[in-house]
1. Are any of the residues in region 714-729 more than 32 Å from the chain's Cα centre (by Cα) and closer than 29 Å to VAL484 by Cα?
2. Given the criteria in contact with a strand residue (DSSP E or B) (Cβ under 8 Å, 6 or more places away or on another chain) and either of a type in the set (A, V, I, L, M, F, W, C) or modelled with pLDDT under 75 (or both), does LEU49 qualify?
3. Does GLY498 fit the bill of being open to solvent by less than 60 Å² (accessible area, probe 1.4 Å) and either in a loop (DSSP other than H, G, I, E, B) or at pLDDT below 85 (or both)?
4. Considering region 728-743 alone, what residues qualify as being in a strand (DSSP E or B) and out of contact with any helix residue (DSSP H, G or I) (no Cβ under 8 Å at 6 or more places or on another chain)?
5. Return the residue satisfying two criteria in turn: it lies in region 25-67 and is more than 20 Å from ILE89 (Cβ to Cβ) and of a type in the set (Val, Ile, Thr), and of such residues it is surrounded by the most Cβ atoms within 10 Å (Cβ to Cβ).
6. Filter region 93-111 for residues that are closer than 18 Å to ASP35 by Cβ and assigned to a loop (DSSP other than H, G, I, E, B); which is modelled with the lowest pLDDT?
7. Go through region 624-638 and give me each residue that's outside any strand (DSSP E or B) and on the phi < 0 side of the Ramachandran plot.
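The values are calculated or read from the model by the stated rules, or taken from the named source; none is laboratory data. Bear in mind that the values here come from a model prediction, so they are computed numbers and not experimental data. Cβ sites come from the backbone with ideal geometry, for glycine too, and all protein chains shown count toward neighbours. SASA here: full protein model, heavy atoms, side chains in, ligands and nucleic acids out. Shrake-Rupley method; radii C 1.70, N 1.55, O 1.52, S 1.80 Å.
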Amino acid sequence: MSAQTSPAEKGLNPGLMCQESYACSGTDEAIFECDECCSLQCLRCEEELHRQERLRNHERIRLKPGHVPYCDLCKGLSGHLPGVRQRAIVRCQTCKINLCLECQKRTHSGGNKRRHPVTVYNVSNLQGSLEAEEMDEETKRKKMTEKVVSFLLVDENEEVQVTNEEDFIRKLDCKPDQHLKVVSIFGNTGDGKSHTLNHTFFYGREVFKTSPTQESCTVGVWAAYDPVHKVAVIDTEGLLGATVNLSQRTRLLLKVLAISDLVIYRTHADRLHNDLFKFLGDASEAYLKHFTKELKATTARCGLDVPLSTLGPAVIIFHETVHTQLLGSDHPSEVPEKLIQDRFRKLGRFPEAFSSIHYKGTRTYNPPTDFSGLRRALEQLLENNTTRSPRHPGVIFKALKALSDRFSGEIPDDQMAHSSFFPDEYFTCSSLCLSCGVGCKNSMNHGKEGVPHEAKSRCRYSHQYDNRVYTCKACYERGEEVSVVPKTSASTDSPWMGLAKYAWSGYVIECPNCGVVYRSRQYWFGNQDPVDTVVRTEIVHVWPGTDGFLKDNNNAAQRLLDGMNFMAQSVSELSLGPTKAVTSWLTDQIAPAYWRPNSQILSCNKCATSFKDNDTKHHCRACGEGFCDGCSSKTRPVPERGWGPAPVRVCDNCYEARNVQLAITEAQADDEGGTLIARKVGEAVQSTLGAVVTAIDIPLGLVKDAARPAYWVPDHEILHCHNCRKEFSIKLSKHHCRACGQGFCDECSHDRRAVPSRGWDHPVRVCFNCNKKPALGGAIMRNLPGKQSTGWTVSCF
């Protein structure tokens, strides 16, 4: 770096002397400036100092005419472009540092330092050299922005126009690993938002379209990349514009605000309007209420290293006036930011979501507008990374995409709440309870994450929807809440047995923990209401598209047909199997107290012949034991058992002892008399049950539509498969999915599973889509508050 000084170089800076005094005692003229040594050096001192190993690689520059060194204390960003350091005006000989005017006043205006000797630099050429440097820097920056173009990021229908992260980076035209911040602008239509961005970031180039016409020149959201400040600049559609879909477009502004690090609110009004404070206040409230949670979820879902919702963006209110003074001009003792906070408070708005709010004003006596103050304020805030740090473009895109997916959908303009810019209806689920009309309190599209509808208030009962839910009382007393529904049959009953029990004993209420807790016709008389005995009731909301209150009774006939179809596959099942099973069960249900139950009769009580599955068991009306047909073929009256004077079946032993009177107590007679009535009626019913088997001979197509559950699509309306869209014909059969009720071909509905929500406790046909669902009316488990229980609650739909 060192070289002999030519005679022409001497005298170029006669006022600048060597500041090292290492080899020359401070008497020689300075030739070099070493930034790392922070001093001006003559030729001899520069050579001697930098021969040392530790100083050898220092960067030195040769001084030019009119050279003034940099200030050693400050970064010099105030009032200058980034990267341009402040020049010094003096050098303190005692402290051996160069000082600009501000640093000299700050460090040497009081105390003993005020008496330190200083060397004043020749500042006559300082302004010219500084301007030359700034002009060179500005020319360089203008060249960097020459190829910048904007692109449509989100259209007026809230549709993101960028396909993925790579497409976003490509359109921004930035480096893939570049970390950047987001600056967006808001304001009323016609206030010059696009013009402001063009002159603040792109040196007047029309990156964002401007127009002198009455029509809005910005529709939707546009973006561009500023390579100088390394920011993504976003231009938005103006407020108060005469546009359609006003509610959706207003909601779109909040999405842009949520992903921004710095927000400019541009106003051209001579006085700050209340709309400005209402917009920012409502935006802050909506951001905290709806967007903070979603941004945190996006951070966790996408595995992002950078938190997206630590705090909202900083805000700069850029106020341009023509005829009025700027805010705070008539109150020099109060800063504008304090006056702005007072306005917010008077309007009842609290912008708590924003990390800071700044005011920057400019008064334009004669055009053009001066944007230099706004540019300096932006650069200072962009340098501050304490609240918001630069992040990868992919993170910005993911945040915008997540908000667009969550908060989307049409909003009728008649829902526009004039008291707020961002009412809850813009961000919450639009579903209304069919029974009481209350809206869901969850955010939009919560169903995509499997979150059910919820409401803030209780519902009212509606007979149309029958929205009363039963809860097992025994489980509730144990600290569990188990929701149950009336059903045709228990889950352990086969279709035939369940139908027979339903015809005889009515519907059942079955608890997963306690089993069958109620039958509607369990007794011949005196049956109590289940609400008074075994269940508790709760009125719940009815949401569109859900099937939470289905009763099993409506598919009893179809269950019978399914049973017929199943049994028709086997000849043995078509014979006596179903009839024997039903008859055996019915006999036990209505048998007199002295009869031995069928399940305990394994062989004939007289000849000891073992009974086979299809063998008929006969009860002696006198002794009540079980016999084969050969050992109980005789009849005689048994009035002592309540059978009256008519002859009834008795066994051989009781027939031979017909002249012997049985010893029966009065209590036994009363008990047997009550059950005997049931038996007499049962025998009449039993004779008709055998005819049920003949129903198999009737073509099922004649009764299928009559047996169709209410939620099934009628056969005549099913023209093609609901999944593969194949058209049905004679060769292609229709099949109903037991879960959704739609019609499918066999290939699209060959899966089998239980559907408790529709009353199918055994595996039945379901379509491909329903089979992929995690639960079809399965158990929902939750603990009751305030109950000492380690168990979980089960809700069976």
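1. Yes, region 714-729 has at least one match.
2. Yes.
3. yes
4. HIS735, HIS736
5. ILE31
6. LYS96
7. The answer is GLU625, CYS628, ASP629, GLY630, CYS631, SER632, SER633, VAL638.
Residue-wise test of (1) over 27 Å from HIS195 (Cα atoms); (2) among the aliphatic types (A, V, I, L, M); (3) touching a Leu at 6+ places or on another chain (Cβ under 8 Å).
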{"position": "GLN341", "(1), (2), (3)": "yes, no, no"}
{"position": "ARG345", "(1), (2), (3)": "yes, no, no"}
{"position": "ARG349", "(1), (2), (3)": "yes, no, yes"}
{"position": "LYS360", "(1), (2), (3)": "no, no, yes"}
